[in-house]
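The values are calculated or read from the model by the stated rules, or taken from the named source; none is laboratory data. This structure is a prediction, so every number in the text was calculated from the model and none was measured. Don't worry about glycine lacking a Cβ; one is built from the backbone with ideal geometry, like all the others, and counts go over all protein chains shown. What goes into the accessible areas is simple: the full protein's heavy atoms, side chains included, and nothing from ligands, DNA or RNA. Shrake-Rupley method; radii C 1.70, N 1.55, O 1.52, S 1.80 Å.
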Amino acid sequence: MCAALSVLAMLEYVLRRIVATIPVLLLVAIIVFSLLYLAPGDPAAVLAGDQASAEEIARIRSSLGLDQSFLQRFLQWGGGVLRGDLGQSVFSGRPVTSLIAQRLEPTIALTVLSLLVALLIAIPLGVLAAWRPGSWLDRGAMGFAVLGFSVPVFVLSYCLILLLAVALPVLPVQGYKPLMDGIGPFLRHMILPAFALGVLNAALIARTTRAAMLEVLRQDYIRTAQAKGLPVMRVLIGHALKNAAIPIVTIIGISFAMLISGVVVTETVFNIPGVGRLTVDAILRRDYPVIQGVILLFSVAYVLLNLLIDLSYGLFDPRIRL
Amino acid sequence: MNAGVAQAMRRHRGAAVGAALLAAMALAAIAAPLIAPIDPQLIAPFDRLQDPDARYWFGTDQIGRDVFSRTVYGARVSMMVGCVVALTAIFSGLVLGLLAGFIRWVDGILMRVMDGLMAIPSILLAIALVAISGPSIRSIVIAITIAEVPRVTRLVRGQVIALRGQLFIEAATTAGTSVPVILYRHIVPNLLAPLLVQASYVFAAAVMTEAVLSFIGAGVPPETPSWGNIISEGRTVFQLAPHIVLFPSLVLSVMVLSVNILGDGLRDAFDPRFTGQR
């Protein structure tokens, strides 16, 4: 009876969070659509070419639905988006979804690997800094955090390239090898970009980990755990880190926005043919449908990731399940 | 207020160092024509890709322009973008946040729009806005401001709602004080400290975003030297002449770092809870 009730309550919580996400996604869609709506230039004139007559342009315009009202066009576009149609690239005429799909692998690889690097650096650093606040380790960790906020990702990237690819040629300067060509070449090309992006992203996560841990380490049950003679690592990880998890996963979700911006820049520096590179090329070519599609994709990914993180709170804190 | 800031500086040496570095860079930006030894646009084809030496302190780029002079002039763009964005974003955020905090129906609509804007990663939002309005310093400033306003608005709104629940505001309301007077005399003065801290973070974010936008080619047009576009132009010859990328990068990092330390120092000084925690 009680179990059934709590499952229902959990279900209600999940549903409520999902429903709360819908207006945000709708707003993102409206903003992203308005961007294209406001964009200068007439796509019909571009598609028609230089020699087109005024009637021809008008015909293309009405066939594209460009002569309709904002609301009509938004509904049409939104309907397309829901069916997985993001329109066509002005530059190549190919569907935006297939352009993005082609470029997805390197971007996902870079995002996942940098997040991995960030967590591997940030969590131990934050935990140890909070364990001995004021120590040289703590000062070093927090100095690193301020530095991490201040160094743009391309700056660290170029320093790493200079060090590990030019002066000491152990890693490739740039480029990308798909996972299909073997894990070795793939990783060799990914080390520098993932490390550059991961290290900088680690700064924010380390700072939050430390703050959350400091809060938890003050609690009575930590003193009890220490008093009964548990090993330090058991106390720090089993008791403290587990209870500090919610602010940490929250900041990981928030930092995903920084990670996305970082991906766009890092792919440019390392010449990785991912979605970020697609974005930059689209900006240089004023290919608005592609810019719009990419921004929509990244924003929706960001919102959904944060929804998942919201839903994961239940795993860390049973009280939230109710 | 000013005495408070001065006192804070004395207690937080990091913040003082940050402020000093920032002031030095601001001076350099203002006095750029006096400091830069060579015209930043002067092309010297025979001195292409020179390493740093006594004449060209930061070396030259691929068409022989002096990287040091270009970097000094680049400080103007960064300083200008940082200051203008910080001022406009804080001011707009203050107005919007006050409206949201005091008028319920405005709150509902405004905060949903802010939620939508915040769901779009700020660099992407800025990229999109610059893509629409064309690359120029003006459109960069507007784009970064729009991307930064939601955070300020949310901060102000939160503070206003917290302040409204306080006894002294309630007392003023009961005594018949009008809303504008309460705002001017009681709410805004209490917002100054958090807004000053926020302004420094907005400044840092704006300088960083401008550099990133110019780096990926959606920023300051190439005629005007900015740190981002100097680095972007140096990108293609990075292996031959890394100095073109490295010097502006270093200066850019130092500027953002100074502003961040200054902001952290101000935050610690204004909020006793943080003191000694860093």
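Per-residue Cβ counts within 10 Å, from other chains only, averaged over A:161-167: what number is that?
Shielding by partners across A:161-167 averages 2.
Please report, in whole Å³, the volume per residue of the convex hull around the C-alpha atoms of region B:144-278. Don't jump to the answer; show the numbers that get you there.
Details: hull volume 17.5 nm³, N = 135.
Convex hull volume per residue, Cα atoms: 129 Å³.
Rounded to the nearest 20 debye, what is the charge dipole size of the protein assembly as shown about its Cα centre when +1 sits on each Lys and Arg Cβ and -1 on each Asp and Glu Cβ?
1800 debye
Given a cut-off of under 8 Å on Cα pairs at least six residues apart, what relative contact order in percent is computed for region A:140-246? It would help to have the intermediate numbers written out before the result.
Details: 71 pairs, mean separation 30.7, N = 107.
Relative contact order for region A:140-246 comes out at 29 percent.
May I ask for the distance between the Cα centers of region B:31-88 and region B:227-264, given as a whole number of Å?
Distance between centres, Cα-based: 12 Å.
Below 8 Å between Cα atoms, with a sequence gap of 6+, how large is the relative contact order for chain A in percent?
26 percent
Relative contact order of chain B, please, whole-number percent, based on alpha carbon pairs below 8 angstrom and at least 6 residues apart.
26 percent
Within chain B, which whole H helices from DSSP have a Cα span along their axis of at least 18 Å and a mean Kyte-Doolittle hydropathy of 0.5 or more, if any? Display every interim value, and only then the final one.
On the way: long enough: B:13-30 (26 Å, 1.83); B:67-102 (51 Å, 1.63); B:104-118 (21 Å, 0.57); B:137-164 (39 Å, 0.97); B:188-215 (39 Å, 1.46); B:243-270 (40 Å, 1.40).
Passing helices, by number: B:13-30, B:67-102, B:104-118, B:137-164, B:188-215, B:243-270.
Can you classify the protein assembly as shown as rounded, prolate or oblate using the Cα gyration tensor, where a ≥ b ≥ c are the square roots of its eigenvalues, rounded means a/c under 1.5, and otherwise it's prolate if a/b beats b/c and oblate if not? Walk me through the numbers before you get to the answer.
Details: a/c = 1.29, a/b = 1.13, b/c = 1.14.
The shape class here is rounded.
Could you work out what % of the accessible surface of region B:1-141 is carbon and sulfur, using a 1.4 angstrom probe and leaving DNA, RNA and ligands out of the count? Walk me through the intermediate numbers first.
Values: 4700 of 6820 Å².
That share works out to 69 percent.
Counting only helical runs of four or more DSSP H residues, what would the 222 nm mean residue ellipticity of the protein assembly as shown come to if each run contributes -39,500 (n - 2.57) and the total is spread over all its residues?
Mean residue ellipticity at 222 nm (helix-derived): -24500 deg cm²/dmol.
For B:131-143, what's the mean count of beta carbons from other chains sitting within 10 Å of each residue's beta carbon?
2
Taking the Cα atoms only, what angle lies between the long axis of helix A:96-131 and the longest principal axis of chain A, rounded to 10 degrees?
20 degrees
Averaged over its residues, how many other protein chain Cβ atoms are within 10 Å of peptide A:300-311's Cβ atoms?
What the average comes to for A:300-311 is 1.
Looking at region A:228-322, I'd like the Rg to Rh ratio, where Rg is from alpha-carbon atoms and Rh is Kirkwood's inverse mean 1/r.
On the way: Rg = 19.3 Å, Rh = 16.0 Å.
That ratio is 1.20, to two decimals.
To the nearest 20 debye, what charge dipole does region A:171-322 have about its Cα centre, counting +1 at the Cβ of each Lys and Arg and -1 at the Cβ of each Asp and Glu?
Its charge dipole is roughly 480 debye.
All other residues with a Cβ under 12 Å from the Cβ of A:K242 taken together, and with Lys, Arg as +1 and Asp, Glu as -1, what is their net charge?
In short, 0.
Report the A-B buried area as the accessible area lost on both sides summed, probe 1.4 Å, in Å² to the nearest 100.
The buried area between A and B, both sides summed, comes to about 3800 Å².
With unit charges on the beta carbon (Lys/Arg positive, Asp/Glu negative), name the residue among A:L278, A:S69, A:I191 whose Cα is farthest towards the positive pole of the charge dipole of chain A.
A:I191
Checking the a/c ratio against 1.5 first, then a/b against b/c, what shape does the Cα gyration tensor give for chain A?
oblate
Counting only other residues whose beta carbon sits under 15 Å from that of A:L217, what net charge do I get with K and R as +1, D and E as -1?
+3
How far is helix A:54-64 tilted off the main Cα axis of chain A, in degrees rounded to 10, range 0 to 90?
Compared with the principal axis, the helix lies near 40 degrees.
Need the C-alpha centroid separation for region A:164-192 versus region B:140-155, integer Å.
Here the two parts' Cα centres lie 38 Å apart.
As I understand it, the dipole of region A:20-131 uses +1 on the Cβ of Lys and Arg and -1 on the Cβ of Asp and Glu, about the Cα centre. Which of A:A129, A:A52, A:L36 lies farthest toward its positive end?
Farthest towards the positive end: A:A129.
Go through B:L252, A:Y13, B:G82 and say which Cα lies farthest out towards the positive end of the charge dipole of the protein assembly as shown; charges sit on Cβ, +1 for Lys and Arg, -1 for Asp and Glu.
Of the listed residues, the answer is A:Y13.
Between A:R218 and A:L26, what is the label-point separation in nm under the 7 Å Cα-to-beta-carbon projection?
Output for this residue pair reads 4.1 nm.
Considering only protein heavy atoms, what per residue accessible area in square angstrom results for the protein assembly as shown with a 1.4 angstrom probe?
Result: 47 Å² per residue.
Note down the magnitude of the dipole of chain B about its Cα centre, charges +1 on Lys and Arg C-beta and -1 on Asp and Glu C-beta and zero elsewhere, to the nearest 20 debye.
Working: 20 positive and 16 negative charges, 170 e Å.
Here the size comes out at about 820 debye.
What's the center-to-center distance, using Cα atoms, between region A:252-322 and region A:35-112 in Å?
Between the Cα centre of region A:252-322 and that of region A:35-112, the gap is 21 Å.
Counting Lys and Arg as +1 and Asp and Glu as -1, what is the net charge of the other residues whose Cβ lies under 11 Å from the Cβ of B:L99?
+1
What residues have an amide H closer than 5 Å to that of A:Q88, excluding those fewer than 5 places away on the same chain, when H is modeled at 1.01 Å from N in the peptide plane?
Amide H neighbours of A:Q88, under 5 Å, 5+ apart: A:V96.
Note the angle between two axes, namely the Cα long axis of helix A:2-38 and the longest principal axis of the Cα atoms of chain A, as a number of degrees from 0 to 90, rounded to the nearest 10.
Once rounded, the angle reads 40 degrees.
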